[in-house]
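First comes the structure, then the notes that go with it.
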Amino acid sequence: MGENQIRNEEKRSLNFIEEIIEEDIRTGKNESRVHTRFPPEPNGYLHIGHAKSICLNFGLGKKYNGKTNLRFDDTNPVKEDIEYVDSIMEDVKWLGFDWEDRLFYASDYFEQLYEYALILIRKGKAFVCDMNAEEIAETRGTPTRPGIESPYRNRTIEENFELFSQMRAGFFPDGTRVLRAKIGMNSPNMHMRDPVLYRILHATHHRTGDKWCIYPMYDFAHGQSDSIERITHSICTLEFEVHRPLYDWFIREIGIYAPRQIEFARLNLSYTVMSKRKLLELVRDGYVNGWDDPRMPTVCGLRRRGYTPESIRNFADIIGVAKRDNVIDVSLLEFCIREDLNKRANRIMAVLNPLKVIIDNYPEGLVEEMESMNNPENESQGKRKVPFSKVLFIEQEDFMENPPGKFFRLAPGREVRLRSAYIIRCENFVKDPETEKITEIHCTYDPLTKSGMPESGRKVKGTLHWVSAMHALKAEVRLYERLFTKENPDDMPEGQTYKDCLNPNSLKLVTGLVEPSALSAKVSDKYQFERIGYFSVDKDSSAKNLVFNRVVSLKDSWAKIEKIKET
RNA sequence: UGACCCAUGGUGUAAUGGCAGCACAAGAGAUUUUGGUUCUCUCGGUCUAGGUUCGAAUCCUGGUGGGUCAACCA
């Protein structure tokens, strides 16, 4: 253990949750144990906001030598499904976290929760209410006006026992009765006004089947589940702050172990929506192609897009944790994946918008294998051979007939370097007289400038990527952009919704030409297409039909210059 | 016309009564066989009014602004 190492560990500031935890450890609370949990409801797919919570909870468990449970809060059988349970487990694992043998379900505790309800009834702290949902809502009052007590509030303990067991036994149809806490109707906190504890739901649960026809409300299950699991720090988002007094009331009245709830601000990302409802609509109404569409902020969407778990974990780390509302700039997420892939992704050459180049003085039929670095950032990733021949393709954008001042690429009479190959000079070009489109460029190459030769060191302004026409592979390339054109799609002018700012260009399909080494590409392999961006092999890809998703473009200072000129 | 929470550069986050720092973004330059990467530099901030204090982003009070809460959803 060197001194330097100790010095390096020094002084990384703590977030407010870590401060609380370290204080609890210091004072010996819970025998200085740290035990967190990630408690999703299996009614949808996880998104980047959940990823923040997962990284937080599992990260804290790891950091303080504690444990982290995965618990499904599955108290509403009509909305939940095993499909979601499976996808959530897959996503948590993929993100790099392990709940070991601690996979739990709130439904595991239904019997225990029922017992807790009985305790409250016995203490005269809960009653069966015969009002329907509408009546309960009407008598709840408003935040500024107290509610009205239920006429069933003063039933005897015996009567409540009888009715509640009949509820469980299936005597009553859905919605006819509920079990309510008896707290009062005057609290300024709406959640404290005789809240519903149990409702009748003759529905098949994905785990308990038809065993139950009454189900606990989330509020009656969540805190007690944490208590049963001896969670020390129940970390949740801000909107549950007002629920905390109710959880505390349950814990106190039932007389069980009390976890400490800490609330933090949920993640918002610019140019995206995060609510389950909106995400569902995007999928259901066909604005995207499923939950794992690479434009979706879902974990499976990001994965398919080509984001790595490391980049997402790093993102979660960088954005921090606090209590104030926040909107993180997507460019930070993009920074994280570029940083990761820059170090790791092999480079290959691909041309997305091909323009034919003929090297007039290059021998007909000759093919040279050009050696190229897989990753200049990391020599250990090795080298590969790229075939070069007389007819090539470069990008349309890399040639201009009348280039402006700062254009460093190919133009009549100008020289450029072909990456890992020769320096070439544009001698002339062919233009379609009707469309004015340039169809073909004629160049000469300088044989002494082959990559690695002494003459190759000659200064030229630009370096272009290219593919050999006779060797190039066709590939379907899916170019993604942000899904929305507005920074905050949730905040639209009167009469408009987030759907009014969907980006019509969020997906552009092109057929590109890639160098032949791409033939070995396997699903989810990551590449940098030199000078273009990072790409990930889509699950639709096969040797016959290569499919690449653009994860993110490279930073492009030339595009910036051009953009400034436009405006 | 309630309760609770929050307020630091464009964005996010530090500073725990003692020099307002870091990252992203933006801008300038250097390097570069990727207009990438890397490096250097610049721009720019404590919501407001009082109070406490030798000293306040930090503590107190008022204001202002934002958020959350009125499912038999979670």
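Quick one: accessible area per residue over segment A:25-264, 1.4 Å probe, rounded to a whole number of Å²?
On the way: 10130 Å² over 240 residues.
On a per-residue basis, 42 Å².
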Could you please state, rounded to a whole Å, how far the C-alpha centre of segment A:77-154 is from the C-alpha centre of segment A:491-547? 42 Å
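Taking every pair of distinct Cα atoms and averaging 1/r, then inverting, what Kirkwood hydrodynamic radius in Å comes out for segment A:69-163? Write down the numbers at each step before the final one.
Working: mean 1/r = 0.0591 Å⁻¹.
Evaluated over segment A:69-163, this radius sits at 16.9 Å.
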Shape metrics for segment A:350-465, restricted to C-alpha atoms - Rg then Dmax, Å: 14.6, 51
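Using square roots of five times the C-alpha gyration tensor eigenvalues, list the equivalent-ellipsoid semi-axes of segment A:25-264 in whole Å, biggest first.
Working: eigenvalues 200, 86, 55 Å².
Semi-axes, largest first: 32, 21, 17 Å.
Output the peptides A:302-312, A:359-369 sorted from most to least packed, where packing is the average of other Cβ atoms within 10 Å over each peptide's residues. Provide the component values of the computation, followed by the final result.
On the way: A:302-312: 23.4, A:359-369: 13.0.
Highest-to-lowest ranking by the protection proxy: A:302-312, A:359-369.
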Could you pull the accessible area for residue A:134 with a 1.4 Å probe, rounded to 10 Å²? 120 Å²
Going residue by residue through segment A:33-42, the Karplus relation 6.51 cos²θ - 1.76 cosθ + 1.60 with θ = phi - 60° gives ³J(HN,Hα) values, rounded to whole Hz and with x marking Gly or Pro, of 6, 10, 9, 10, 7, 10, x, x, 8, x
Output ordering of A:199-211, A:44-56, A:465-477 (per-residue mean of other Cβ within 10 Å, highest first) is A:44-56, A:465-477, A:199-211
Which ³J(HN,Hα) values, rounded to whole Hz and listed in residue order, are derived for segment A:327-337 from phi using the Karplus coefficients 6.51, -1.76 and 1.60 in 6.51 cos²θ - 1.76 cosθ + 1.60 with θ = phi - 60°, glycine and proline given as x? 10, 7, 5, 4, 4, 6, 4, 5, 4, 5, 6
Lys and Arg at +1, Asp and Glu at -1: add these up for the other residues within a Cβ distance under 10 Å of residue A:212 and post the number. 0
For a quick check: with amide H placed at 1.01 Å from N, whose amide H comes under 5 Å from residue A:347's, ignoring anything fewer than 5 positions away on the same chain? A:375, A:528
The answer for residue A:429, listing residues at least 5 apart or on another chain whose modeled amide H is closer than 5 Å to its amide H, is A:442
Its Cα gyration tensor gives chain A an equivalent ellipsoid whose semi-axes in whole Å, largest first, are 61, 25, 20
For residue A:261, which sequence-distant residues (separation of 5 or more, or a different chain) have an amide H within less than 5 Å of its own amide H, given hydrogens modelled in the peptide plane? A:234
Give me the percent of the accessible area of chain A that comes from carbon and sulfur atoms, probe 1.4 Å, all protein chains in place. 49 percent
Per-residue counts of other Cβ atoms within 10 Å, averaged by peptide: what ranking do you get for A:114-127, A:67-80, highest first? A:67-80, A:114-127
How big is the Kirkwood radius of segment A:184-280, worked out from every pair of different alpha carbons and given in Å to one decimal? 15.7 Å
Which three extents, in angstrom, do the Cα atoms of segment A:272-376 have along their principal axes, listed largest first? 66, 34, 18
Near residue A:283, within a Cβ-to-Cβ distance under 14 Å, what is the net charge of the other residues, with Lys and Arg +1 and Asp and Glu -1? +2
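Please calculate how many Å² of accessible area segment A:297-385 carries per residue, with a 1.4 Å probe and no DNA, RNA or ligand atoms counted.
Numbers: 4100 Å² over 89 residues.
In whole numbers, segment A:297-385 has 46 Å² accessible per residue.
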Counting only other residues whose beta carbon sits under 13 Å from that of residue A:271, what net charge do I get with K and R as +1, D and E as -1? -3
Quick one: how many Å² of residue A:19 are accessible to a 1.4 Å probe, rounded to 10? 100 Å²
Students sometimes get this wrong: rank A:240, A:220 by accessible area, probe 1.4 Å, all chains present, largest first. A:240, A:220
Share of Cα-Cα pairs in segment A:109-194 lying beyond 14 Å, as whole percent: 64 percent
If the limit is 24 Å between Cα atoms, which of A:93/A:276; A:461/A:565; A:276/A:486; A:323/A:555; A:343/A:486 go over it? A:323/A:555; A:343/A:486
Applying the Karplus parametrisation 6.51 cos²θ - 1.76 cosθ + 1.60 with θ = phi - 60° to the phi angles of segment A:163-178, what ³J(HN,Hα) value in whole Hz is obtained for each residue in order, glycine and proline being reported as x? 5, 5, 6, 5, 4, 5, 6, x, 6, 10, x, 3, x, 8, 8, 9
At 222 nm, what value in deg cm²/dmol follows for chain A if DSSP H runs of at least 4 each add -39500 (n - 2.57) and the sum is divided by all its residues, to the nearest 500? -8000 deg cm²/dmol
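The values are calculated or read from the model by the stated rules, or taken from the named source; none is laboratory data. Treat the numbers as computed from the prediction; the structure is a model and nothing was measured. Heads up, the Cβs are rebuilt from the backbone with ideal geometry, glycines too, and the neighbour counts pull from every protein chain shown. Quick note on the areas: whole protein, heavy atoms, side chains included, nothing else; ligands and nucleic acids left out. Shrake-Rupley method; radii C 1.70, N 1.55, O 1.52, S 1.80 Å.
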